[in-house]
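Asks: Sharing a structure with you now.
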Amino acid sequence: MSNRFAGKHAAITGGANGMGFEIARRLGIEGARVAIIDIDEAALTNATNILRADAIDVKAYLLDVTDPDNVALIFAQLIEHFSGTLDILVNNAGIADFGSVENTETEAWNRVLAVNLTGTYLCSKSAIPAMKKTGGTIINFGSVAGVVGIANMAAYCASKAAVIGLTKQMAVDYIRQGIRVNCICPGMIADTDMGRQILGTDSSDLAMNLRLSKYPIGRFGKSEEITAAVLFLASDEASFVCGSAFTVDGGMTAL
Ligand code: NAI
Ligand code: 1HS
């Protein structure tokens, strides 16, 4: 096993479940000390126990990434825990909601934008001052839904397109200050709660085949395939990768 992240300090939002958990686990296995941040207290406890059983140095932080004061507070705490440094931030926390523009309630619209976009902005804002001191990298979570339209996901698509825009903007502002910013744009990842939630909206053979027909590779993705790409972006091997919207989607957006 390589030790690509030995001596690195990493924070992963939404790190208690799904892809965030897998990313935290892989970063830890490859040597990083990790902070997992999540709104789901029970899942945080469970994730911490699993990671510690794997001998990973992990600390859990309960946080709603949409809350500006608490984001600032928790990031101050975790950066202090990491002796004033933070090398890697993965803005992975996200939620989905369903509806066209006409039938998306304003409250749902605001919540999706708050978690997926404002959460990314707030956590980055709190991480950047520490990163400026020693250099660092930020990986945001976009989606194929930020690149092409997905039926009945107005708020989600808008939030992910905005995350891609924010990524490019941040990349330009911060690369000369030693911070590389990129985003990952996964296609459908079926083995997470969100993946199951989306597929569960219509699991008829017709709907499933229609969805699958959008994927030239002939299948949906797995968390481990996204994790591998995120770890590449977080590593020094990606030293010239900056402002990228990295699609990892079995060819979905190439079709
Ligand atoms: P998931 O539902 O398994 O995990 C999301 C995590 O974010 C959960 O632990 C949840 O508690 C946490 N979270 C939600 N709201 C939060 C908040 N306000 N503050 C802190 N934590 C919060 O989802 P999954 O599939 O692992 O998704 C991770 C990211 O990947 C999301 O940004 C999602 O939009 C994106 N994505 C997912 C795809 C999929 O097919 N599953 C495809 C493309 C992108
Ligand atoms: C949830 C994630 O961001 C992907 S949205 C893509 C849904 S699909 O229509 O390609 O199955």
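The values are calculated or read from the model by the stated rules, or taken from the named source; none is laboratory data. Note that this is a predicted model, so its numbers are computed, not measured. With ideal geometry, Cβ positions are generated from the backbone for all residues, glycine too; neighbour counts draw on all protein chains shown. The area values use the complete protein model at the heavy-atom level, side chains included, leaving out ligands, DNA and RNA. Shrake-Rupley method; radii C 1.70, N 1.55, O 1.52, S 1.80 Å.
Asks: Just one of Ile175, Ile184, Ile217, Ile189 is without any contact (Cβ under 8 Å) to a residue 60 or more places away in the chain and among the β-branched types (Val, Ile, Thr); which is it?
Replies: Ile217
Asks: Checking the structure you have, find out if any residue of the stretch 243-255 is surrounded by 19 or more Cβ atoms within 10 Å (Cβ to Cβ) and among the acidic types (Asp, Glu).
Replies: yes
Asks: Looking at Ile88, Ile29, which one is surrounded by fewer than 22 Cβ atoms within 10 Å (Cβ to Cβ) and among the aliphatic types (A, V, I, L, M)?
Replies: Ile29
Asks: Can you spot a residue in the stretch 162-172 that is of a type outside the set (Val, Ile, Thr) and within 15 Å of ligand 1 (Cβ to nearest atom)?
Replies: Among the residues of the stretch 162-172, at least one is of a type outside the set (Val, Ile, Thr) and within 15 Å of ligand 1 (Cβ to nearest atom), which makes the answer yes.
Asks: Criterion first (free of Cβ contacts under 8 Å to residues at least 12 places away in the same chain and under 28 Å from Gln197 (Cβ atoms)) does Ile150 satisfy it?
Replies: yes
Asks: Next up: Which ones in the stretch 220-255 are in contact (Cβ under 8 Å) with a residue 60 or more places away in the chain and part of a loop (DSSP other than H, G, I, E, B)?
Replies: Once the filter is applied, which keeps residues that are in contact (Cβ under 8 Å) with a residue 60 or more places away in the chain and part of a loop (DSSP other than H, G, I, E, B), the stretch 220-255 yields Ser235, Val241, Cys242, Gly243, Ser244, Asp249, Gly250.
Asks: Restricting attention to the stretch 97-117, does a residue exist that is under 14 Å from the mean Cα position of the chain (by Cα), away from ligand 2 (no atom under 16 Å from the Cβ), at pLDDT 95 or above and assigned to a helix (DSSP H, G or I)?
Replies: No, every residue in the stretch 97-117 fails to be under 14 Å from the mean Cα position of the chain (by Cα), away from ligand 2 (no atom under 16 Å from the Cβ), at pLDDT 95 or above and assigned to a helix (DSSP H, G or I).
Asks: Name the residues in the stretch 129-145 that are without any contact (Cβ under 8 Å) to a residue 40 or more places away in the chain, away from ligand 2 (no atom under 16 Å from the Cβ) and open to solvent by less than 10 Å² (accessible area, probe 1.4 Å), would you?
Replies: Matches in the stretch 129-145: none.
Asks: Here is a further query. With respect to the numbered conditions (1) open to solvent by 50 Å² or more (accessible area, probe 1.4 Å); (2) assigned to a loop (DSSP other than H, G, I, E, B), which one is the sole condition not fulfilled by Thr66?
Replies: The failed condition is (1).
Asks: Within the stretch 169-187, count every residue that is over 22 Å from Met19 (Cβ atoms) and of a type in the set (Lys, Arg).
Replies: 1
Asks: Could you tell me how many of the residues in the stretch 49-63 are part of a helix (DSSP H, G or I) and surrounded by 20 or more Cβ atoms within 10 Å (Cβ to Cβ)?
Replies: Matching residues across the stretch 49-63 total 1.
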